[in-house]
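K.L.:
Mind looking over this structure? Questions follow.
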Amino acid sequence: MHKIISYLGFAKKSNNLIVGQSPIKRTDKKLYLILIGKSASENLENLAKNVANKHNCEHLKLNVDISELINLKDIKIVGITDYNLAKAIIENKENIIGER
């Protein structure tokens, strides 16, 4: 889990993390990964699935809240716009994924 927190921190610092439902829906940037927190609603999960299909990227439902990982309150969805960071998170997902 520490690696994932580090990768999300790198994404945040390098401006490769899109935070929240509206920014993810409106982004013109290419998304490589969408992460959904464990407390996300079914509507938010459907939104993530639709946006992931639009951007041809993977989406993962986590078994933790995203707010705990990135130190921002009430965040349930984030998008990663850097290919290498998204790939690293996917490769280390075993400790944070729930159902998909």
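Computed from the coordinates by the stated procedures, all read-outs in this text should not be read as laboratory data. Note that this is a predicted model, so its numbers are computed, not measured. As a convention, Cβ positions derive from the backbone with ideal geometry for all residues, glycine included, and neighbour counts pool all protein chains shown.
K.L.:
Spin-label point model (7 Å from Cα, Cβ direction): what's the K38 to K87 distance in nm?
P.N.:
If labels sit at K38 and K87, their model points lie 3.0 nm apart.
K.L.:
For n ≥ 4 DSSP H runs only, could you compute -39500 (n - 2.57) per run for the chain, divide by its residues and tell me the 222 nm figure to the nearest 500? Working shown, then result.
P.N.:
Numbers: 5 runs with 46 residues, N = 100.
Only helices count here, giving -13000 deg cm²/dmol.
K.L.:
Would you give the gap between the C-alpha center of region 9-23 and the C-alpha center of region 25-58, rounded to a whole Å?
P.N.:
13 Å
K.L.:
Decide, for region 3-94, between rounded, prolate and oblate: order the square roots of the alpha carbon gyration tensor eigenvalues as a ≥ b ≥ c, take rounded if a/c falls under 1.5, and otherwise choose prolate if a/b is larger than b/c, else oblate.
P.N.:
Because its axes are fairly even, with a/c under 1.5, region 3-94 counts as rounded.
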